[in-house]
1. Given the structure, is Phe160 out of contact with any Phe, Trp or Tyr (no Cβ under 8 Å at 6 or more places or on another chain) and within 30 Å of Arg82 (Cβ to Cβ)?
2. For His216, which of the numbered conditions (1) closer than 25 Å to Ala73 by Cβ; (2) modelled with pLDDT of 95 or more; (3) within 18 Å of the chain's Cα centre (by Cα) fails to hold?
3. What strands (runs of 3 or more DSSP E) completely inside the stretch 140-234 contain at least 3 residues that are open to solvent by 80 Å² or more (accessible area, probe 1.4 Å)?
4. Please go through the stretch 91-102 and pick out each residue that is surrounded by 14 or more Cβ atoms within 10 Å (Cβ to Cβ) and not basic (Lys, Arg).
5. I need the full set of residues from the stretch 91-135 which are in contact with a Ser or Thr (Cβ under 8 Å, 6 or more places away or on another chain) and part of a helix (DSSP H, G or I), in order please.
6. Kindly provide the set of residues from the stretch 239-249 that are of a type outside the set (D, E, K, R) and open to solvent by 10 Å² or more (accessible area, probe 1.4 Å), ordered by number.
Amino acid sequence: MKYFVTLILAVACCFYAKSESTLIQQADSAYTADNFKEAADTYLHAIATEGTSATLQYNLGNCYYRLGEMGKAILAYERALRLDPTFNDARTNLEFVNARIADRPGERGTFLGNTLDAAANSARSNVWAWLAFGCFVLTLIGGLTYAFSGAVTLRKIGFFGGFLTLLGCLCFIYFAFRSAAIATADNVAIITSPSTILSTTPRVPKDRAQEAMLLHEGTRVEILDSVRSTTDSINSLWYDVQVDNAHRAWINAAAVEKI
């Protein structure tokens with residue numbers, strides 16, 4: 001009986017894997033046939049049932065670009081890069097679509113912070129972690145060489161080499177944590193509505209004085225805070241967002257999607 005149950009489960013798993021593979025194949029075929037809406041819906045179904053991946057998000061972004069939905073395309077490319085920051089095709093397409101959206105926000109963050117983030121995003125966090133481990137092992141070897149070697153030259157190599165690999169270990173640890181933090185951050189969002197008016201207060205602007213700015217789909221914003229607001233018996237969630245270093249306002253949460 002136990003063997004029979006195991007066999008049934010194995011067959012079910014094989015059938016499930018086959019059906020999921022067929023689902024992705026259907027999406028690929030729809031995209032090849034220029035049925036971009038069907039392809040996008042099928043990729044979304046695959047993501048919901050099978051789980052996401054950098055390739056699925058990349059393909060989904062391509063579908064949305066073909067459909068003219070720039071905000072959702074950017075969102076999908078951003079998600080692909082979070083899963084795999086070395087995915088060059090996704091990065092290229094993201095830069096391509098970003099160059100074609102309506103808004104041009106000003107400078108974001110600081111030069112040093114942006115440089116460190118770019119460096120951390122050049123590899124996955126687990127790659128940085130393995131590099132840190134390798135440097136740690138070399139540091140131990142250097143320390144043992146310095147402590148037990150009788151040759152002066154080897155002691156010098158052990159001391160200075162161990163010191164350099166220790167610095168490398170600390171740097172790689174920082175990049176590992178930074179890369180992981182970027183990949184799991186829930187405070188970055190993309191505007192997916194065709195256009196939206198940001199407000200100076202967490203509610204729909206009543207007049208022009210309460211309108212902060214007009215933004216269009218595809219613009220990236222950083223969420224600083226959130227609050228629920230009730231207007232005319234309608235309860236809605238509003239985000240306090242930083243658009244760039246010079247602009248901050250409130251946006252309706254329905255107009256954005258978190259990466």
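1. no
2. (3)
3. In the stretch 140-234, the matching strands (runs of 3 or more DSSP E) lie at 220-231.
4. Asn93, Leu94, Val97, Asn98, Ile101
5. Ala120, Ser125, Trp128, Cys135
6. Tyr239, Gln242, Asn245, Ala246, His247
Residues are listed down the side, and each one gets a yes or a no for (1) modelled with pLDDT under 95; (2) under 29 Å from Tyr77 (Cβ atoms); (3) among the charged types (D, E, K, R); (4) in contact with a Lys or Arg (Cβ under 9 Å, 6 or more places away or on another chain):
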site: Lys206; (1), (2), (3), (4): yes, no, yes, no
site: Ala209; (1), (2), (3), (4): yes, no, no, no
site: Ala246; (1), (2), (3), (4): yes, yes, no, no
site: Ala255; (1), (2), (3), (4): no, yes, no, no
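The values are calculated or read from the model by the stated rules, or taken from the named source; none is laboratory data. These numbers come from a predicted model, not from an experiment. Note that we place each Cβ from the backbone using ideal geometry, even for glycine, and neighbour counts take in every protein chain shown. Note: accessible area is taken over every heavy atom of the protein model, side chains too, but ligands, DNA and RNA are not part of it. Shrake-Rupley method; radii C 1.70, N 1.55, O 1.52, S 1.80 Å.
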